[in-house]
Amino acid sequence: MELCGVPLRGPILNGSGTFDAIAARRAFGDALLERFPFDAFVSKTITLAPRQGNPPPRLWETPAGMINSIGLPNKGLEGFLAQDLPQLAELPVPLVVSVMGFSRDELATLVEAVGQRPEVAMIELNVSCPNVETGLVMGADPAETARAVERVRPLSDRPLIVKLTPNATEPEAVAAAAQAAGADAVSLINTLKGLAFDPDDGGHWLGGKTGGVSGPAVRAIALQQVHAVAARVAIPVIGMGGISSGSDALDFLRAGAAAVAVGTESFRDPGAGHRIASELAQLEAREAPNRAAAPAPAMDITQTGDSPPTFFRR
Ligand code: RRO
C-alpha cells in the first residue's frame, strides 16, 4: 500500500509520542529493527526551542484509558536534527516527523528545516496538543488551521499530515480547511481534554493541571469523528483513538480511514502494533471471501439484536 505516495508495508502507524523508538532500541537492541511494530514511525512532536515538559505527575489512569499531561518535552529543532534524527533514520520504516509551532513563523522554520532532510518521508503538523501553557490550539479553528497550512505548504515538498483535535466544534470543518490549504492527509484524533483530582487532597493530580484523555475510553468518539472527516475530505485520513485490537483497527478502516495508528495500547504492550497488524490481517482474510457470498440476514421481529452491555469488552 501507499500513503501520500510513500510506500508502506501495511496500514499501522504509531500515534505521535506514544512509542519511544530510541529508548526501545536501547532496551531491545537490533531485535526491534527485525520486528518493528509499526509500518511507519511518527516521532514525538518537536518544537523550535528545547522544552522540559510539564512538572510531574504527568499521567493518570482512567477507566479504560488515561490522561497525559506531558507538555511537549523535547530537545528542540537543533537537538532533534543532531541527536535523534540519525537514530530514527535507522528504523526499517518510513519516518514521519511531528512538529508544533507556537506561531506560524515557528512552524515555518520547523517545516523548512525538517523537510530538507532526506531521512524524513512526511511531516505531521501537530495543531492539536492540549497541554500547552498558552491554551491556544490552532487546530480548534478552521481558519487558523488553514493559515498555518498555507504558510508552510510552499516550504517543503514532503507530504503534510495535519493532526486534528477532537476538541473542536466541527472537526470535519477543520479537516476541510486543511485540505483546501494544501494538506496531503489528516490524522485524528489527538487527545480529549480531561481533568483528575488527587483523591487525598482534592487538588489537581496532574502537574500541568489538565491533560489529554486517550485509550479505549475515547474510541467511539474517535470512530465517529474519523467517519465524519472521511466523508468530508478526499485526502487520506489516518484514524486513531483507543485502537487496541485488529477488530478496532478494522472499524476505523470501515469508517473510511486509509491507515490507522496505535497509541495508548503501546504503553501496555510495546509490541501491540505488531499484534494488531496480525489480527487485522486475519480478519481481512476471513472477511474477503465471505463478503460476496454472505446471504442477506433473515429478519426476526422477535429479536431486537440488542445484548446486555459488557463493559471493558475489547
Ligand atoms: O506532549 C504532550 O503533552 C501531548 C501532545 Br504534544 C499531544 O499532541 N497530545 C497529547 O495528548 N499530549
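Ligands, DNA and RNA excluded, the heavy atoms of F197 present near 110 Å² of accessible surface to a 1.4 Å solvent probe. Separation of the range 34-78 and the range 137-188 by C-alpha centroid, Å? That distance is 21 Å. Ranking H204, H227 from most to least accessible surface, computed with a 1.4 Å probe over the protein chains only, gives H227, H204. What percent does the relative contact order of the range 1-76 come to when contacts are Cα pairs within less than 8 Å and at least six residues apart? Averaging sequence separation for qualifying contacts and normalising by length gives 27 percent for the range 1-76. Using Cβ point charges alone (K and R +1, D and E -1), the dipole size of the chain about the Cα centre works out to roughly 120 debye. All Cα-Cα separations within the range 1-138 were binned at 10 Å from zero, giving a P(r) of 11, 40, 36, 13, 0, each value a whole percent of the pairs. Over the residues of the chain, the helix contribution to mean residue ellipticity at 222 nm works out to -9000 deg cm²/dmol, using -39500 (n - 2.57) for each DSSP H run of at least 4. When E90, E124, E284 are compared by accessible area at a 1.4 angstrom probe, the order from most to least is E90, E284, E124. Quick one: compute the contact order of the chain, relative version, from alpha carbon pairs under 8 angstrom and 6+ residues apart, as a percent. Relative contact order of the chain: 18 percent. The simple Förster model, with R0 at 25 Å and r as the Cβ-Cβ distance, assigns A288 and R9 a FRET efficiency of 0.85. For the range 134-228, the dipole from Cβ point charges (+1 on Lys and Arg, -1 on Asp and Glu) about the Cα centre works out to 240 debye, to the nearest 20.
Rolling a 1.4 Å probe across all protein chains gives M240 an accessible area of roughly 20 Å². Each of I221, Q83, P142 was placed along the dipole of the chain (beta-carbon charges, centred on the mean Cα), and the one lying farthest toward the positive end is Q83.
Once the Cα atoms of helix 104-114 and of the chain are each reduced to a long axis, what angle between those two axes, in degrees from 0 to 90 to the nearest 10, is obtained? With rounding to tens, the tilt is 80 degrees. Rounded to the nearest 10 square angstrom, I221 shows an accessible area of 80 square angstrom against a 1.4 Å probe. As a length-normalised measure over Cα pairs under 8 Å and 6 or more apart, the relative contact order of the range 172-298 settles at 22 percent.
Note that the chain shows a convex hull volume over its alpha carbon atoms of 151 Å³ per residue. Near V127, the amide H atoms lying under 5 Å from its own belong to K163; only residues 5 or more places off or on other chains count, and H is placed 1.01 Å from N.
Quick one: helix 219-232 against the long Cα principal axis of the chain, what's the angle to the nearest 10°, folded into 0 to 90? Rounded to the nearest ten degrees, it is 80. Placing pseudo-labels 7 Å out from each Cα toward the beta carbon at R35 and M1 gives an inter-label distance of 2.3 nm. Other residues within the sphere of radius under 11 Å centred on the Cβ of V262, judged by their own Cβ, net out at -2 (K and R +1, D and E -1). For the chain, the longest principal axis of the Cα atoms and the long axis of helix 142-152 meet at an angle of about 50 degrees.
The values are calculated or read from the model by the stated rules, or taken from the named source; none is laboratory data. Keep in mind the model is a prediction, meaning the values are calculated, not measured. Counting neighbours? That spans all protein chains shown, and the Cβs are built from the backbone with ideal geometry, glycine included. Areas reflect the complete protein model, heavy atoms only, side chains present, ligands, DNA and RNA absent. Shrake-Rupley method; radii C 1.70, N 1.55, O 1.52, S 1.80 Å.
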